[in-house]
Amino acid sequence: MTQSMKSSHEGVDLYNQFIDGEWTTGGGEPLDVLNPATGELIARVSLADEALANRALEAAQRAFPAWSRKTAVERADHLYRLVELILEQRQRLARLITTEQGKPLDEADADVGMCANLIRFAAENTRRLEGDIIPADDPDEQIWIQKVPHGVVVGITAWNFPPR
């Protein structure tokens, strides 16, 4: 276990992973992050091995019952706060994307803005979590479908979008 988001080794920052309320190093080899324009080593990322990935999944599964009991407004407020944090760091994040990926700064800034907008959209959808009432086979019955939050998901996205 470590105590912080990053540590420094030989002048290069090593970024750790946040799992179950703690910063931790990965179980795999660190990944070098290179500036594509210069080849300069700008950071290292602590990669997870299978055991650490399982630990993260188990932590998420333990956290889910409390999360699912939060109201739609409470869940949305967490997402709105994330949008605020992204926008507060917009310039820094855009410069980071440019350094890591070689994108023009204007395009990187647009990516950060789009990321914030997508999360805002998700927050707005969270607040509108609704259900359905559909007819049943019996004319004196109705089927009520209540939509509820779901737990941990795995998603695949393009490597360069949204900003990570």
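The values are calculated or read from the model by the stated rules, or taken from the named source; none is laboratory data. This is a predicted model, so every value here is computed, not measured. Note: ideal-geometry Cβ built from the backbone for every residue, glycine included; neighbour counts use all protein chains shown.
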Please state which of the following conditions LEU93 fails to meet, knowing it meets all the rest: (1) surrounded by fewer than 17 Cβ atoms within 10 Å (Cβ to Cβ); (2) hydrophobic (A, V, I, L, M, F, W, C); (3) touching a residue at least 40 places away in the same chain (Cβ under 8 Å); (4) in a helix (DSSP H, G or I).
(1)
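For GLU107, are the conditions met, namely being free of Cβ contacts under 8 Å to residues at least 12 places away in the same chain, more than 28 Å from ARG127 (Cβ to Cβ) and among the charged types (D, E, K, R)? Step through it out loud before you land on a result.
Numbers: free of Cβ contacts under 8 Å to residues at least 12 places away in the same chain: yes; more than 28 Å from ARG127 (Cβ to Cβ): yes; among the charged types (D, E, K, R): yes.
Yes.
With within 17 Å of ASP77 (Cα to Cα), assigned by TED's automatic domain parsing to the domain that holds GLU74, modelled with pLDDT under 90 and surrounded by 10 or more Cβ atoms within 10 Å (Cβ to Cβ) as the only criterion, which of PRO162, PRO149 stands out? Show your work before the answer.
Details: PRO162 fails: within 17 Å of ASP77 (Cα to Cα).
Within the list PRO162, PRO149, the selection yields PRO149.
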Sole exception among (1) free of Cβ contacts under 8 Å to residues at least 60 places away in the same chain; (2) surrounded by fewer than 16 Cβ atoms within 10 Å (Cβ to Cβ); (3) assigned to a helix (DSSP H, G or I) for LEU57, by number:
(1)
Anything in the stretch 13-48 that is exposed (fewer than 12 other Cβ atoms within 10 Å of the Cβ), of a type in the set (Asp, Glu) and either touching a His at 6+ places or on another chain (Cβ under 8 Å) or over 25 Å from ARG95 (Cβ atoms) (or both)? List them, or say none.
GLU29
